[in-house]
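What follows is a single structure, written as structure tokens, with notes after it.
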Amino acid sequence: MFDLFPVALFFVAFKIAGIYVATAVAIAASLLQVGWLKLRKQRVHPMLWASLGIIVVFGGATLVLQDETFIKWKPTVLYWLFGVVLALSATVFDRNLIRLMLSEQVRLPAPVWGRLNWSWVAFFIFMGAANLYVAYNFSTDLWVNFKLFGGMGLMLAFVVVQSLFLAKYADDKP
């Protein structure tokens, strides 16, 4: 829920006051999110730093230029950044970041880790493209709804499918 804080506030602010107020709220919420973690001396995950940087740049451009196109590109840039980082880490550095993040929770054969990593790359590319499709073909109101509910729904569906795929590798030992 903590990760959805800026998105949820963006949604509420948009419904009440429009895209520019919502953008300012998302920037402030993201800054508060990182500030809260730093204040509590907790680690700020690199993905959260990336998200903060992108919302400040694209949200800032939206506010300064009074052009909602920039904020609509923010999710795509973030999704594609995640996809590129996963792909480059696997191909250039021979590091599977999905395995690094999840190996404590689940044990999988090496080829399965590879497929899992590439499925996330494909998912992030798809999500970025889906965001742009909705942003350029539908109203801003529908895009905001998609950003919260569609994005979350697709992510949940993807994770469920991943879980079903990984279930056959679950260790039944106590």
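The values are calculated or read from the model by the stated rules, or taken from the named source; none is laboratory data. These figures come from a predicted structure and were not determined experimentally. Note that each Cβ is placed from the backbone with ideal geometry, even for glycine, and that neighbours are counted across all protein chains shown. SASA here: full protein model, heavy atoms, side chains in, ligands and nucleic acids out. Shrake-Rupley method; radii C 1.70, N 1.55, O 1.52, S 1.80 Å.
Restricting VAL34, VAL12, VAL84 to those that are within 20 Å of ALA130 (Cβ to Cβ), touching a helix residue (DSSP H, G or I) at 6+ places or on another chain (Cβ under 9 Å) and of a type outside the set (Lys, Arg) reduces the list to VAL84. Restricting attention to segment 46-58, does a residue exist that is under 19 Å from MET127 (Cα atoms), at pLDDT 95 or above and not aliphatic (A, V, I, L, M)? Yes, the conditions are met somewhere in segment 46-58. For segment 120-153, the set of residues classified as under 26 Å from ARG95 (Cα atoms) and surrounded by fewer than 16 Cβ atoms within 10 Å (Cβ to Cβ) consists of ALA122, PHE126, ALA129, listed by residue number. Contact map, segment 128-155: first residue of a type in the set (Val, Ile, Thr), second residue open to solvent by 70 Å² or more (accessible area, probe 1.4 Å) and at pLDDT 95 or above, Cβ cut-off under 9 Å, separation 6 or more or different chains; pairs are VAL134/LEU142; VAL144/LYS15.
In this structure, PHE11 does not qualify as open to solvent by 70 Å² or more (accessible area, probe 1.4 Å) and under 25 Å from MET127 (Cβ atoms).
Just to be sure, is VAL160 part of a helix (DSSP H, G or I) and out of contact with any helix residue (DSSP H, G or I) (no Cβ under 9 Å at 6 or more places or on another chain)? Yes, satisfied.
Sort out for me the helices (runs of 4 or more DSSP H) sitting completely within segment 1-113 that have 2 or more residues that are closer than 22 Å to LEU154 by Cα and touching a residue at least 24 places away in the same chain (Cβ under 8 Å). Let's see the steps before the verdict.
Numbers: elements: 5-17, 19-39, 46-65, 69-91, 97-102.
Counting at least 2 such residues, we get 5-17, 46-65, 69-91.
Checked against the criterion of being at pLDDT below 90 and open to solvent by 50 Å² or more (accessible area, probe 1.4 Å), the candidates LEU102, LEU88 yield just one match: LEU102.
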